[in-house]
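These notes concern the structure reproduced below.
The values are calculated or read from the model by the stated rules, or taken from the named source; none is laboratory data. Quick caveat: nothing in here was measured; it's all calculated off a predicted structure. Here Cβ is always computed from backbone atoms with ideal geometry, including for glycine, and neighbour counts include all displayed protein chains. Ligands, DNA and RNA are excluded from the accessible area calculation, which covers all protein heavy atoms including side chains. Shrake-Rupley method; radii C 1.70, N 1.55, O 1.52, S 1.80 Å.
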Amino acid sequence: HGMVNLMIFQLVTHVFALVVVYVGFLDAPPTSPSHSEQLKSADEKVALDTVESRDLVAEEQRHPRSRMEDFRILLRDLQALATNVNYVILMLCFALGVGLFNALITVLNQFVKPLGYSNTAAGLFGAVFIVGGLLGAVVMAYLMQRTKDYRILAKSGIIVSNFMLIILLAILYRDNFGPVAVMFFVFGFVTVPLIPLVVENCAEIAYPVPEHISFGLLMILNIGTSLGLSFAFQGVIAVDAWGPPPWRPINLLLYGVYLLLTLVIVFFYHGQYKRTVLDVDFVPGILSLSHGSTAQPARREEGDDNAEDLDINGIELVPSSE
């Protein structure tokens, strides 16, 4: 009965939050929050003006788009995301990574119980993981605002968290509560901040697709992977250990999957800063960014219809050599 009451309470609070957001939030802010958003809105109007007459534009301003038109725009955005290689890499790795640790927190009691830790100890491990993650997110927010090096920070963060996971699994054995609790804190400190980093990287590489669509897809896929990995972990935890800690099947599965997505992010993810390029001051001739990418004024030759490196605003994005 306690679990049923908890689920009912969660349902009521979530429905209340949904109603507040639906009723109280505007579809768009009255003014653009950034230069890139202002340019995107202007480009959409220009693109529409080149396809349809001014009379049709004026008519659409008087009458909002239909659901079918909104659906076609959504399909266009989804197609753009599906053909964006960096976005697909980020989406799969994010869904797998966050799903991995959502599943771990879900089965944390079963994860540590064979090593002699009680329900109370498992709860404390989960609590210090979250507290460490919140503190790490504060530090990461400062670094993100200070450097704007979202891609470098993401790659560095996932490498560091990889080593922290190795240490955590290596010391996770019986009668070692203190060091294990400390490592759960440290692991949360370096792992949870990767989530806001992914959000920023997602917004950059998916531009001009709206953020609620690009990141919403990541969250939808994350829910599925979290559920699937939770069931998988429960089955693997029941398998007998192949030797003393850390040689447990669950440890090897956990680290193997995390190592795989780390390698993919480090070696194959090369997302461009499409939004930041438009939000910084433009210097005639070339725009240098602290994160190694550069932007130059687009030079399109007459009759050249294959300028694939040009974004919708006529800025040529030159990826870094990373």
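Packing-wise, with mean Cβ within 10 Å as the measure, how do 110-118, 230-238, 179-187, 95-103 rank, highest first? Kindly include the intermediate steps, with their values, before the conclusion.
On the way: 110-118: 16.4, 230-238: 14.9, 179-187: 19.1, 95-103: 20.9.
Final packing ranking: 95-103, 179-187, 110-118, 230-238.
When the accessible area of region 74-232 is split by element with a 1.4 Å probe, what percent falls to carbon and sulfur?
Working: 5370 of 7150 Å².
Roughly 75 percent of what the probe reaches on region 74-232 is carbon or sulfur.
Find the accessible area per residue for region 80-157; the probe is 1.4 Å, ligands and nucleic acids are left out, and the unit is Å². Numbers along the way, then the final one.
On the way: 3500 Å² over 78 residues.
With the other protein chains kept in place, region 80-157 gives 45 Å² per residue.
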